[in-house]
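No lab work stands behind these numbers, since they all come straight from the coordinates. Note that the coordinates shown come from a computational prediction; the quantities given were computed from them, not determined experimentally. So basically every Cβ, Gly included, is an ideal-geometry build from the backbone, and we count neighbours across all protein chains shown.
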């Protein structure tokens, strides 16, 4: 079984870890353009929590949030109002809460698959919880937390997490080829 500290992009290969942070930020831009208000911060946070050192994971999530806000305001024309800025800040806080929850799961002793699933679930609950709490002080549409909307957010984040994990597996395979060592089996 592959342990978390043996995951291919751990700090053993700093160049890959830095590349992953850049990839997460780039993915945030692409996903922001594709999904606008539903950038999959939970997926970005959960996968970063599992494969990156803590500081780099925080950097990745902050850069992803910043990139998302820049795309929103400079490309997608988000309204430049106090509540829009406040929601942007709330999303940043929610993304960091998602990361914190995902990092908290890493303290548990479990296989990689269970750890990744737990990090994702904890991150999703934290993210949605922070955004729901923000509705107490920020204006929000009536259906913002309806079951279909939350299900769509969950689906987008799930698909993004799967995509990021596949990207990571591809990077691990490339690293194994370059290093001339066998690729570790994911469990």
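Out of all the residues in region 27-40, is one or more under 20 Å from residue 129 (Cα atoms) and surrounded by 24 or more Cβ atoms within 10 Å (Cβ to Cβ)?
Yes; the residues of region 27-40 include at least one that is under 20 Å from residue 129 (Cα atoms) and surrounded by 24 or more Cβ atoms within 10 Å (Cβ to Cβ).
Within region 101-119, which residues are within 17 Å of residue 160 (Cβ to Cβ) and free of Cβ contacts under 8 Å to residues at least 24 places away in the same chain?
Listed by number, the list holds a single entry, 117.
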